[in-house]
Every structure is written in C-alpha cells, then in structure tokens.
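Values in this text are rule-based calculations from the coordinates and carry no lab data. On a predicted model such as this, the values are computed, not experimentally measured, just so you know. Cβ atoms come from the backbone with ideal geometry, glycine included; neighbour counts cover every protein chain shown.
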Amino acid sequence: MSEITQEEVQSPCIGVCSIDETSGYCQGCYRTIEEIKGWWDMSPPQQGKLVADLEQRQNQAISFD
C-alpha cells in the first residue's frame, strides 16, 4: 500500500486582520471572510489555488495604473 502525502500550504495570514468595506478583502491577506473561515476545510490543492489568486488580488490592489 502506498502512502499518500499532501503538501501543506501555509496560511497567508500575516496578523493584519481588517476587512476593507469597499473590496470585502482582508487588508493583510486579501482573503474574504468566507475564505478565511473555510481555510482549514480546504484541501491543499484548493489552498494552493487560493494563494495564487491572492497574489493576483494583491497586485491589482497596489496597481499604480
């Protein structure tokens, strides 16, 4: 029997927990309340996809265009 391992994805929380009323995203990690609450119920692939999405959100939020 082979052992199935799943790579652990580190939480994107940086301890700056404040939801922006305009965007609905946390100002520290760029997750929504639903994403924050559901983090520990997500599979590692789901967490990884969310982390990739968060990078895009952050880049859009700090865009100088």
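A few notes on this one:
- Dimensionless Rg over Rh [the chain; C-alpha; Kirkwood]: 1.07
- The C-alpha atoms of the chain define a longest principal axis, and helix 44-61 lies at about 20 degrees to it.
- Projecting the Cα positions of GLY38, ILE19, GLN60 onto the charge dipole of region 16-65 (unit charges on Cβ atoms of Lys, Arg, Asp and Glu, taken about the Cα centre) puts GLY38 furthest along the positive direction.
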